[in-house]
Every structure is written in structure tokens, then in C-alpha cells.
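All of the numbers you see were taken from the coordinates with simple rules; none came from a lab. Treat the numbers as computed from the prediction; the structure is a model and nothing was measured. Note: ideal-geometry Cβ built from the backbone for every residue, glycine included; neighbour counts use all protein chains shown.
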Amino acid sequence: MTRTVHLALTLALAVAWAAVTLALLGALGPDWHGFAPATCLGSHCFCEAPRWGSLVLQPANSWSSFGFVVVGAWIMLGAAQHPGSALGTGATLWFGLTAIIIGVGSVMLHATLTLWGQFADVVGMYLLGSFTLVRGVARWRRLQPITATAVYVILCAMLIALLWAVPETRRWLFAVILLFALAIEWWLARPRRIGVRPELLLLGVAANLLAFAIWILDQTRTWCVPESWLQGHAAWHLLGAIAVALSYGYYRSERPMATSPRVHARESL
């Protein structure tokens, strides 16, 4: 597949996901007052002013969320193009799908400002954060693919159950998962990865740090023009999508371990 074809298919798949997402919103809205509100409405749900009565309450924050969908589609469509990578086809497909889930879930939150939209938003973040954490632990401890997959499923189930029971824990819990995942990857897993490009991981971390700084400015309304299409939280989405793409490049650069016949070139996680 040429780069031009890959890009064209990526955009087509992203548009298809956008159409499905908007169709779902159209079937449920635009009266979002009939649903339980997101917990962030107790103070404010980011800087952008809600357009009450519209199908999409926060358009800038909603449309920017599709950046994750574009990146996820790009990753999934390239799953079979790198046979020399230690990141197997199955793991690549799932990694890309989690990015799409993040994007669609984020649209659901910012378009509706409902509790179920908030739930959908955080689920994708937990799926991707857990992937990063378990993949690092799996390389560090040399876990078999079936064991790593079981740990991943159990961790995701626990986090989603906690999100359902105590949604107020979502932000700090995701931050803890991501910090642990990055620490384990950098200091314990990375030295065991053959041919990996650490600069891609560092660039992803830098993008996330910049995104978080902008998120704080938006959340505290230090940088805030409520009616504008230029929103700090929208920048957070786009930088987060770039960080996911860089993380994928980092994982993809790893070469398979061929020193032992017991080591699988393709891993589930």
C-alpha cells in the first residue's frame, strides 16, 4: 500500500466513523437535559461554552476529538505493513482501535455533557493507558502473550467497574496509570527492546506534557474565551492524538527477539 493510498483510506475510514458517531448523536439528541449530567457540570466542563439546544454542545472540543480517530484509523490500516516489527498485527489493530474509541468517546462527552458521555470518554483512556502499562510490564517481566492478555483484561475490567461506581476518580486514576506506565516503559522495559527508537517515546511524552499544560490553562480558565473555536481543550485533543501516533512509532520500531525459539515474534500485547 502506497502512502497516498494509506492516507486516502485513513481519511475515508475516519469520515465513516464520524458519520456513525453523528448518526448516534442524532438518534439520541439534541435534548441532552433528559440524561444525567456529567460530573464536571458541577463546576464547569472546560472553557468552551455549551451551545444548549444544539446537537453538539461543544463543537471545538468535539470536532478536535476526531484527531484520535484519524490516528487510530491510520494505525489499523498499517497493521500488516511492518512484518519486521515486534508489535504484532493483533496488538497493532487493538492499539489503533483504542485510539478510535478514545476519539468517539470524547465526542460523546463534549457533544452531550452527559454522564454516559463522560463514561464513554474515559473508557477509551483506560483501555489505552492499560495497554501501555501492561505492554511495559510484559516486556520487563517477559510475560507470555496469554498471561499479558489476561492481566490486561482484568485490569481494564477493574478500572471500568471503578469508573461506573465512582466516576469522580477518573482523572487522577488515569494520571496514575499513565505515570506508572511511562516509568516502567522507560526504566525497565525499554532496555529490553531490540532496535527500539527511544526518541519517539520522548517526543510522545513531550507532546503529552505540552497538552497537559494547556489542559490546566483551559480547566482553570487562565486561557479562556468561551465562545471561541480556538479552545485549549481542543489543542489537548490534537496533541494527545500526536502523542498516540508517536507511541505507535516507538512500539513499531522494536525488532523481534530471535535469540530463543520460545520467544514469539508476534505478541498479543
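If you put +1 on each Lys and Arg Cβ and -1 on each Asp and Glu Cβ, how big is the dipole of segment 60-252 around its Cα centre, in Debye rounded to 20?
Values: 12 positive and 6 negative charges, 161 e Å.
Roughly 780 debye, rounded to the nearest 20.
A simple rule links phi to the HN-Hα coupling: the Karplus curve 6.51 cos²θ - 1.76 cosθ + 1.60 with θ = phi - 60°, which for segment 171-178 gives 6, 5, 5, 5, 4, 5, 4, 5 Hz, with x for Gly and Pro.
Quick one: compute the contact order of the chain, relative version, from alpha carbon pairs under 8 angstrom and 6+ residues apart, as a percent. Don't skip to the end; give the middle numbers.
Values: 419 pairs, mean separation 69.2, N = 269.
That works out to 26 percent.
Look at 199, 227, 185, 254 and count the other Cβ atoms within 10 Å of each Cβ; fewest to most, that gives 227, 199, 254, 185.
Positive end of the dipole of the chain (Cβ unit charges, origin at the Cα centre): among 184, 84, 137, the Cα lying farthest that way belongs to 84. Cβ screening of the chain for cysteine pairs under 4.7 Å finds these without a partner: 156.
Taking amide H as placed 1.01 Å from N in the peptide plane, residue 114 has its amide H under 5 Å from the amide H of 38, each at least 5 places away in sequence or on another chain.
Would you work out if segment 113-252 is rounded, prolate or oblate? Take a ≥ b ≥ c from the square roots of the eigenvalues of the alpha-carbon gyration tensor; rounded if a/c is under 1.5, else prolate when a/b is larger than b/c, oblate otherwise.
On the way: a/c = 2.63, a/b = 1.37, b/c = 1.92.
Judged from the Cα gyration tensor, segment 113-252 comes out oblate (a/c at least 1.5, b/c at or above a/b).
Angle of helix 198-219 to the longest C-alpha principal axis of the chain, folded into 0 to 90 degrees and rounded to 10: 20°. Axis angle, to the nearest 10 degrees, between helix 3-28 and the longest C-alpha principal axis of the chain: 40 degrees. Computed from Cα positions, the angle between helix 66-77 and the longest principal axis of the chain comes to roughly 30 degrees.
For segment 60-252, build the charge dipole from Cβ charges (+1 Lys, Arg; -1 Asp, Glu) around the Cα centre, then report which of 120, 153, 223 sits farthest towards its positive end. Positive-end residue among those listed: 153. Considering only 100, 160, 194, the mean-square fluctuation computed in a Gaussian network model of the chain, springs between alpha carbons under 10 angstrom, is largest for 194. The alpha carbon centroids of segment 28-86 and segment 180-258 are separated by 18 Å.
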